[in-house]
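Reading through the structure tokens given below for one structure.
The values are calculated or read from the model by the stated rules, or taken from the named source; none is laboratory data. Note that the structure is a prediction, hence the values are computed from the model and not measured. With ideal geometry, Cβ positions are generated from the backbone for all residues, glycine too; neighbour counts draw on all protein chains shown.
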Amino acid sequence: MAEIKIEQKKPVWPWLLVGLVVVALLLYFLVFRDNDKNTEVVTEPDDITNTYESDLLGVKEDNGTVAAYVSFVENNKEKMGLDHEYTNEALLKLIEATNAMANEVGYDVEADIQQAKEYAKMISTDPFETSHADNIRKADDILTNVLQNIQKEKYPTLSDEVEALKSASESIKPGVLSLDQKEAVKNYFAVAADLLQKMN
């Protein structure tokens, strides 16, 4: 009788193991490595708007009220007379622009805005009053403080501009006639316009 040779089958498990290793390597390079490249650094949420600060740094608000104030200051640089019409209008527009910017970021400034409006109103009542510079300075200090708080919360890169605004406000001297310090008053409005334009 003839002998039947029986060949043993080679084990399949080594091939399965090699296949699993190849599949695991492919998944690692295709899925996990791509995720490492797309990982972003996330900062803590911003307290005002519950958004991330890194998302806000390049965002422009494009607020029309702010743009109107900036345009007014740029187009009326030479005006400032005894009637204080320019100063009053510039201050009222600055108040509205500051309020609009605060609303954009969800910052409550209602009490400050009302106080600044009261000081602005005092400027227009009597053109011969000698305390206009005092009222301008008080309103400017309030608005500077509001803008500084907005800057700290949402625009950390604009700290130099806020310092320039504080300096411009301090250059308006109480007790000196506002017409004797026209340049200081106009400079404050110009610096405020620059800051607001960068925020907007």
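Here are the numbers for the structure shown:
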read-out: Unique residue being at pLDDT below 90, β-branched (Val, Ile, Thr), in contact with a helix residue (DSSP H, G or I) (Cβ under 7 Å, 6 or more places away or on another chain) and more than 16 Å from LYS186 (Cβ to Cβ) when the list is VAL162, VAL105; value: VAL105
read-out: Only one of LEU158, LEU179 that is in contact with a His (Cβ under 9 Å, 6 or more places away or on another chain) and over 21 Å from ASP112 (Cα atoms); value: LEU179
read-out: Wholly enclosed helices (runs of 4 or more DSSP H) of segment 84-161 bearing at least 2 residues not assigned by TED's automatic domain parsing to the domain that holds VAL66; value: none
read-out: Check on VAL70, assigned by TED's automatic domain parsing to the domain that holds PRO156, at pLDDT 80 or above, surrounded by 11 or more Cβ atoms within 10 Å (Cβ to Cβ) and under 19 Å from GLU153 (Cβ atoms); value: no
read-out: Condition check for VAL176: surrounded by fewer than 21 Cβ atoms within 10 Å (Cβ to Cβ), of a type in the set (Val, Ile, Thr) and in a loop (DSSP other than H, G, I, E, B); value: yes
